[in-house]
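Just below is one structure, and these are the notes that go with it.
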Amino acid sequence: MKKREQQRKEQLLQATFEAIADKGYSSVTLQDISNYAGVSKGVTNYYFKNKEDVFAHLLEWLTNRIYQKEANAVQHAHTADEMLSAYVNAVFVGPRENDRFYKVYLDFLSYVPKIPRFQEINQRFYNNCFSIGQSIISKGKSEGKFLNVDAEKGPKAIRSLIDGCIIQWVMSGDHSLHKMYKDLCYESIINMLKD
């Protein structure tokens with residue numbers, strides 16, 4: 001895809017994200033997406049087959065960007081503890097960003113069981129997340145830590161604690177608790193891994 005086409009597509013995906021954040025998944029139309037992007041509906045129809053196609057591309061675009069950010073953060077750490085801290089910090093970016101993303105993502109998740117394409121994208125995202133957890137656990141084992149952690153279950157438990165903490169924070173509606181939930185997340189994972 002040419003650079004200009006890629007930029008236009010990303011513009012439409014960002015507009016879709018903003019529209020869902022403001023209106024909710026089920027209320028957004030292709031016309032809304034076009035309006036948010038400042039383009040004609042014909043432009044949106046040129047790049048995407050229908051509403052579900054736009055949303056699938058958005059889900060894939062968002063989850064790929066998030067995974068890359070998290071993987072890059074972990075890659076630059078040197079110890080298992082640093083890797084875990086980098087992972088948690090990459091997830092808990094900031095109150096505004098986390099609030100908007102997770103509200104949109106949770107909206108998507110209600111449709112995942114109904115739409116096979118969404119299921120595939122979401123499963124790829126979680127498999128990528130599990131690979132981050134596996135790298136942290138592997139590093140910890142090589143350092144003589146995390147020796148009793150099951151290689152299959154441990155990465156799933158790590159992501160479960162991350163998602164659980166951040167969802168609890170979102171549901172609290174209190175942005176001032178963001179750091180507390182981030183710290184709780186890190187401490188909970190460390191305690192689980194060291195048991």
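The values are calculated or read from the model by the stated rules, or taken from the named source; none is laboratory data. Computed from a predicted structure; not experimentally measured. Note: ideal-geometry Cβ built from the backbone for every residue, glycine included; neighbour counts use all protein chains shown. Note: accessible area is taken over every heavy atom of the protein model, side chains too, but ligands, DNA and RNA are not part of it. Shrake-Rupley method; radii C 1.70, N 1.55, O 1.52, S 1.80 Å.
Going through segment 114-131 one residue at a time, which ones are open to solvent by less than 70 Å² (accessible area, probe 1.4 Å) and out of contact with any Pro (no Cβ under 6 Å at 6 or more places or on another chain)? Passing the criteria: 115, 118, 121, 122, 125, 126, 128, 129, 131. Scanning segment 156-178 for residues that are within 14 Å of the chain's Cα centre (by Cα), open to solvent by 30 Å² or more (accessible area, probe 1.4 Å) and in contact (Cβ under 8 Å) with a residue 40 or more places away in the chain yields a single hit, 167. Only one entry of 110, 138 meets the criterion of being among the hydroxyl-bearing types (Ser, Thr, Tyr), out of contact with any strand residue (DSSP E or B) (no Cβ under 7 Å at 6 or more places or on another chain), free of Cβ contacts under 8 Å to residues at least 24 places away in the same chain and over 19 Å from residue 187 (Cβ atoms), and that entry is 138.
I want to confirm something. Restricting to segment 1-47 and keeping residues that are among the acidic types (Asp, Glu) and over 23 Å from the mean Cα position of the chain (by Cα), which single residue is modelled with the highest pLDDT? Per the criteria, the residue is 32. When the residues of segment 6-25 are filtered to those that are open to solvent by 50 Å² or more (accessible area, probe 1.4 Å) and in contact (Cβ under 8 Å) with a residue 24 or more places away in the chain, the one that is farthest from residue 105 (Cα to Cα) is 8. Put simply, of 80, 73, 56, 90 the only residue that is surrounded by 14 or more Cβ atoms within 10 Å (Cβ to Cβ), under 30 Å from residue 34 (Cα atoms) and among the small types (Gly, Ala, Ser) is 56.
Of all the criteria given as (1) under 30 Å from residue 137 (Cβ atoms); (2) surrounded by 14 or more Cβ atoms within 10 Å (Cβ to Cβ); (3) of a type in the set (D, E, K, R), the one not satisfied by residue 32 is (1).
For every residue, the table says whether it meets (1) buried (at least 17 other Cβ atoms within 10 Å of the Cβ); (2) within 20 Å of residue 79 (Cβ to Cβ).
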{"residue": "133", "(1), (2)": "yes, yes"}
{"residue": "137", "(1), (2)": "yes, yes"}
{"residue": "143", "(1), (2)": "no, yes"}
{"residue": "148", "(1), (2)": "no, yes"}
{"residue": "153", "(1), (2)": "no, no"}
